[in-house]
1. Does the stretch 127-150 hold any residues that are assigned to a helix (DSSP H, G or I) and farther than 25 Å from VAL88 by Cβ, and which are they?
2. Conditions: (1) part of a helix (DSSP H, G or I); (2) modelled with pLDDT under 95; (3) open to solvent by 50 Å² or more (accessible area, probe 1.4 Å). ASP62 meets all but one. Number of the miss?
3. Under 9 Å by Cβ, and 6 or more places apart or on different chains, what pairs join a residue from the stretch 33-53 that is under 27 Å from CYS309 (Cβ atoms) with one that is among the small types (Gly, Ala, Ser) and open to solvent by 20 Å² or more (accessible area, probe 1.4 Å)?
4. For LEU312, which of the numbered conditions (1) at pLDDT 95 or above; (2) not in a helix (DSSP H, G or I) fails to hold?
5. Answer yes or no: is there a residue in the stretch 282-300 that is assigned to a helix (DSSP H, G or I), over 19 Å from the mean Cα position of the chain (by Cα), over 25 Å from LEU4 (Cα atoms) and free of Cβ contacts under 8 Å to residues at least 60 places away in the same chain.
6. Given the criteria of a type outside the set (Phe, Trp, Tyr) and in contact with a helix residue (DSSP H, G or I) (Cβ under 7 Å, 6 or more places away or on another chain), does GLY234 qualify?
7. Give me a count of the residues in the stretch 169-200 that are of a type in the set (Ser, Thr, Tyr), under 18 Å from GLN141 (Cβ atoms) and touching a residue at least 60 places away in the same chain (Cβ under 8 Å).
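The values are calculated or read from the model by the stated rules, or taken from the named source; none is laboratory data. These figures come from a predicted structure and were not determined experimentally. Positions of Cβ are backbone-derived with ideal geometry, glycine not excepted, and every protein chain shown enters the neighbour counts. The area values use the complete protein model at the heavy-atom level, side chains included, leaving out ligands, DNA and RNA. Shrake-Rupley method; radii C 1.70, N 1.55, O 1.52, S 1.80 Å.
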Amino acid sequence: MDKLQLIKAPIMKEFGAFKALFDSSLQSSNPLLNEVLIHIKQRNGKMLRPILTLLVAKGLGDVTETVFHASISLELLHTASLLHDDVVDESDERRGQPSVNAVYDNKISVLVGDYILSNSLKHAALTNSTQIVDVIARLGQNLAEGEIIQLTNVQSTSFDEKVYFDVIRKKTAALFSSCAAVGAISTGAPEEKVGKVYNFGELVGLAFQIKDDIFDYYPSPEIGKPTENDMHEGKLTLPALYVINHTEDASVREIALRIRSLKASAGEISHFVDIVKSNGGIDYANKIMHEYRDRAVGMLKEMVSDDICETLTAYIDFVVDREK
């Protein structure tokens, strides 16, 4: 049994029920729409966020229908945002498969994203919880704001880590914190507990995104996106920002500005990757990622039952140790 299966062991029955309901939410009687939805379902991935919701609910109480609908709403919102992001970023791949906008076109991708977003709203309403609906609505705002910050930052000549963390808090960490929070809310947890769970989820999400950003520096067919993909889109992440801000070599900053303005050649990008690796960028990112991991683990004992505490520790370790 692999690590992820062991992590799912305490919620195996509940996860199966969630997955069946989630898959049924990605169906349509319209032939073209259903064809696109089938394409999307083929790249569902590890479902780490719904697993987090189910584990938190299990650790604080019972897994109810409310948990299922909240988890589905969040996962559908995430899926819709990815479809729209691929159009904005002009991406041709998503998790190692052709993106919807590459297989079909931008119009279809946006409209299918809207359809999935509507389904997300339906499942949010089925939770019968205004508190959960509020969490989901705020997540939608964060995802959009994060994308806008990222787009405007492409034109900046500043390499401030704060902007990077603003983006990943809104685009990635907010997903994990929202998933954790709705798991707590569904059990009737008090506001103080929900707040702690939300902060825990944010730490996990930050670690997750830093790990994803490290992947971009290593070529591997195992990884669900092409190496150097971020830089080909003009995005400079934590490893690069550290080196840019800790070197006196003006040429490093010049290449970074060319990358950000989409003027760098493939050779320049490959050279820049070597510079980042040889000047401690990956080591720094790994250090920050493990700091978030340690802070998250330190919060667990006061949050959930001992058995789920152990499982969530394994969950966090899976996030930082995964190879794709």
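1. Once the filter is applied, which keeps residues that are assigned to a helix (DSSP H, G or I) and farther than 25 Å from VAL88 by Cβ, the stretch 127-150 yields THR130, GLN131, ILE132, VAL133, ASP134.
2. Of (1) part of a helix (DSSP H, G or I); (2) modelled with pLDDT under 95; (3) open to solvent by 50 Å² or more (accessible area, probe 1.4 Å), only one is false for ASP62: (1).
3. Pairs found: GLY45/GLY224; THR53/SER186.
4. Against the list (1) at pLDDT 95 or above; (2) not in a helix (DSSP H, G or I), LEU312 comes up short only on (2).
5. Yes, the conditions are met somewhere in the stretch 282-300.
6. On the way: of a type outside the set (Phe, Trp, Tyr): yes; in contact with a helix residue (DSSP H, G or I) (Cβ under 7 Å, 6 or more places away or on another chain): yes.
Answer is yes for this residue.
7. Looking only at that region, the number is 1.
Here is a yes/no grid of residues against (1) β-branched (Val, Ile, Thr); (2) outside any helix (DSSP H, G or I):
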site: GLY195; (1), (2): no, no
site: ASN199; (1), (2): no, no
site: ASP213; (1), (2): no, no
site: THR227; (1), (2): yes, yes
site: LEU236; (1), (2): no, yes
site: GLU254; (1), (2): no, no
site: GLU268; (1), (2): no, no
site: ASP274; (1), (2): no, no
